[in-house]
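Written out below as structure tokens is the structure these notes cover.
The values are calculated or read from the model by the stated rules, or taken from the named source; none is laboratory data. Note that the structure is predicted; figures quoted are calculated from it, not measured. Methodologically, a virtual Cβ is constructed for each residue, glycine included, from the backbone with ideal geometry; neighbour enumeration extends over all protein chains shown. Note: accessible area is taken over every heavy atom of the protein model, side chains too, but ligands, DNA and RNA are not part of it. Shrake-Rupley method; radii C 1.70, N 1.55, O 1.52, S 1.80 Å.
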Amino acid sequence: MNEQAFHTNFLTLCGHQQARASLQKGGRRQPFPSLVFDGPSSIGKRLTAVWYGAYLNCLAADEKAPCGICTSCKKILQGSHPDLHYTRVPEKKTVVGVSEVREAIHEIHHAPFEGNYRVWVIEEGERLTDEAQNALLKTLEEPPGRAVILLVTCLAGTLLPTVSSRCRLVRFQGLPRPEMLSALQQQGADDELAESLTSLCDGALGAALSLLRDPKSLQERDSVIGLFAELPGSDLWGAVEAAQTLEKSKLQSPAAVLELGMSFYRDLLVLSAGCEQLVLHKDRLSRLQELAANLPPASIRRAISEFQEAEQFLQRNVSPRLLMQRLCVNLSKVSV
Ligand SMILES: [Zn+2]
């Protein structure tokens, strides 16, 4: 499956029954033309937008749509339907600017090529510049006939009030734990891994699936946790070496490395308080138990405060190399 098809495979959409029911309630004759999908990131909002585009254009009867097998659904699944448009942050850019929006507005004003509606999915709406949002206003005010605009965002509060007031808001919440577990198991995760990913990703199935599909990122996560776990009581040279490795970690960012390390030490604290059921890194339980038995709670708390301090340094733009060295050296001094 190519990358585009992976992003448009609405048949893999899990949960969000309430949002889907409210969208279907509008029927296919007169759908609301401008919608904002708001909720935490990686929980399935964008895929719901694709699903809705498929629903509006499916050739099957209302109660069967989207069927997944008609020519319209198939094209959407392949990411090749001419009436579904996606606007996303261009490569090497961090925002969606006015030129991308104007280009899409031009497209959306044409009648549908072959479907019932032209559907325009704007991804990461929080990254639209103010200028781009202003360029959208007229289209939201007077939407072209047979066009539906879906603005997907994890921060609806950052949209200009003039934009959000012209759209109907559909709220999304993270996936409940049982649905996360079963979706991950269906995708091949064993029970232990499914438990860990479910706890780590907190309702964000998209994030959990990315980890599952990319074994390298899982290995990287394991090696980062392994390095942090070995630090208390290690010698200075070991600490400096660990800092060098952590600084070059291929995890998303230094902030992600710190967050992961801190979550591991939080697990130690939770274990030392006897609350095993609250542990996030369940696949590391035996190592956690071993460490929790050797580290006094005061040392664990000190380690956590070292992480908090490192996060503050990061926010103040201290170089990741320096703060990682400081963190690792201080963690090595934590008494065992
Ligand atoms: Zn269909």
key: For ALA135: the one exception among (1) within 24 Å of the chain's Cα centre (by Cα); (2) more than 12 Å from SER34 (Cβ to Cβ)   = (1)
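In contact with a Pro (Cβ under 8 Å, 6 or more places away or on another chain) and more than 21 Å from VAL89 (Cα to Cα): which single residue out of ALA21, ALA65, ALA54, ALA61 fits that description?
ALA54 is the lone residue from the list that is in contact with a Pro (Cβ under 8 Å, 6 or more places away or on another chain) and more than 21 Å from VAL89 (Cα to Cα).
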query = Taking interchain pairs and intrachain pairs at least six residues apart, which have beta carbon atoms under 7 angstrom, with the first residue in the stretch 56-83 and in the same structural domain as HIS110 (by TED's automatic domain parsing) and closer than 13 Å to PHE113 by Cβ and the second near the ligand (Cβ under 6 Å from one of its atoms) and open to solvent by 30 Å² or more (accessible area, probe 1.4 Å)?
reply = THR71/LEU59; SER72/LEU59
ask   = Under the condition of being in contact with a Gly (Cβ under 7 Å, 6 or more places away or on another chain) and surrounded by fewer than 19 Cβ atoms within 10 Å (Cβ to Cβ), which residue from the stretch 177-205 is farthest from SER286 (Cα to Cα)?
value = GLU179
query = Among the helices (runs of 4 or more DSSP H) confined wholly to the stretch 37-150, which include 1 or more residues that are more than 16 Å from the ligand (Cβ to nearest atom) and either among the hydrophobic types (A, V, I, L, M, F, W, C) or surrounded by fewer than 22 Cβ atoms within 10 Å (Cβ to Cβ) (or both)?
reply = 45-57, 98-108, 130-141
